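Since every read-out is calculated from the coordinates, none of them should be taken as a lab result. No experiment lies behind these values; they were computed from the predicted model shown. A quick note on method: Cβ atoms are made from the backbone with ideal geometry, for glycine too, and the neighbour counts reach across all protein chains shown.
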Amino acid sequence: MRRRRDSDESATSHAGTGFGVGVQVVVRLDRSNYPGTLILDPAGVIVAPGETLGAAFFAPLSRREPVWEVQFEEPFIGLDGSGPHDSARVPEGQLEIAPEA
């Protein structure tokens, strides 16, 4: 297996977090405004490197954190009824690395 150089890694991952392009993730939805919803947290794969600034699709940023472009495994309908969405920009704080199948 080829080890990536630091310059390659900085473009596609954030050291120490485990997140990067190609990582399978689950988006943990903020259900505070929709406590009774039966919609499952969407799963997908990170397809674009994170950013430290900017707007995110799922939630306004309250602190500086990377935002990742996630391509969903299947179209996702938001808790507010929006969608279906094929992908979204998601703050890293709402991502969890998917368990191995």
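Observations
- Each label point was placed 7 Å from the Cα along the Cα-to-Cβ direction; for residue 33 and residue 48 their separation is 2.3 nm.
- Sorted by Cβ neighbour density within 10 Å, fewest at the top, the residues 67, 45: 45, 67
- Pairwise label distance in nanometres, residue 24 with residue 89, each label 7 Å out on the Cα-Cβ vector: 2.7 nm
- Segments 70-76, 37-43 sorted - mean Cβ within 10 Å per residue, highest first: 70-76, 37-43
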